[in-house]
1. So how much slack lies between residue 39 and residue 75, counting 0.36 nm per residue of separation and subtracting their Cα-Cα distance, in nm?
2. Name the aspartates and glutamates eligible as straight-distance cross-link partners of residue 28: C-alpha to C-alpha under 19 Å, and not fewer than 8 places from it in the same chain.
3. Through the Karplus equation 6.51 cos²θ - 1.76 cosθ + 1.60, θ set to phi - 60°, convert the phi angles of the range 86-91 into ³J(HN,Hα) values in whole Hz; use x for Gly and Pro.
4. Length gain on complete extension for the stretch residue 89 to residue 31, per 0.36 nm per residue less the alpha carbon to alpha carbon distance?
5. What ³J(HN,Hα) values, in whole Hz, does the Karplus curve 6.51 cos²θ - 1.76 cosθ + 1.60 give for the range 22-39 when θ = phi - 60°, with x put for Gly and Pro?
6. Quick one: 79, 88, fewest Cβ neighbours within 10 Å first, how do they rank?
Amino acid sequence: MKVWIAAALLAVTASACADGDVDAGAQKAASCAACHGAQGKSAVPLYPSLAGQHAPYLLQALQAYKKGNRSGGQAEVMKAFVAGLSDKDMEDLAAYYGSLKP
C-alpha cells in the first residue's frame with residue numbers, strides 16, 4: 001500500500017514539473033547563477049550544482065524553502081530568494097535546471 005501511495009505522489013509531482021517551461025526557467029535563473037553558477041554548475045562547494053538534478057526534486061526543494069520547511073546551510077538565504085517566486089516560476093526553474101547536463 002505504501003508503495004502505491006509513493007508512486008501516486010511521484011506521478012503528481014512529476015506532472016507538476018511537466019508544466020514548467022525550460023526557456024522561461026532559463027530567463028528566470030539569472031539571479032540563481034551568482035551562487036549556483038552559469039548553467040547550474042557551481043564553482044563554489046558551499047553552493048550545490050543544480051544542472052541535471054531531477055525536476056521534481058528541485059520543485060519540491062523550492063517549495064520547501066518558500067514554506068520554511070528546510071533548515072540549515074543556506075536555508076535562510078534561499079528562503080529570501082524564493083519568497084517572491086510564484087508556483088509557475090518554481091516549475092519553470094525546476095524544468096530548466098532539470099533539462100541541463102550535469
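The numbers here are math on the coordinates, done by the rules we state, and not lab data. Keep in mind that this is a model prediction, so the values were computed, not measured. All Cβ positions, even for glycine, are placed from backbone atoms using ideal geometry, and neighbour counts span all protein chains on display.
1. 10.8 nm
2. Output for residue 28: 19, 87, 89, 91, 92.
3. 7, 4, 5, 4, 5, 5
4. Residue separation times 0.36 nm, minus the Cα-Cα distance, leaves 19.6 nm.
5. Taking θ as phi minus 60°, the curve returns 4, 5, 5, x, 4, 5, 6, 7, 4, 6, 6, 4, 4, 9, 8, x, 4, 6 Hz for the range 22-39.
6. Ordered by Cβ neighbours within 10 Å, fewest first: 88, 79.
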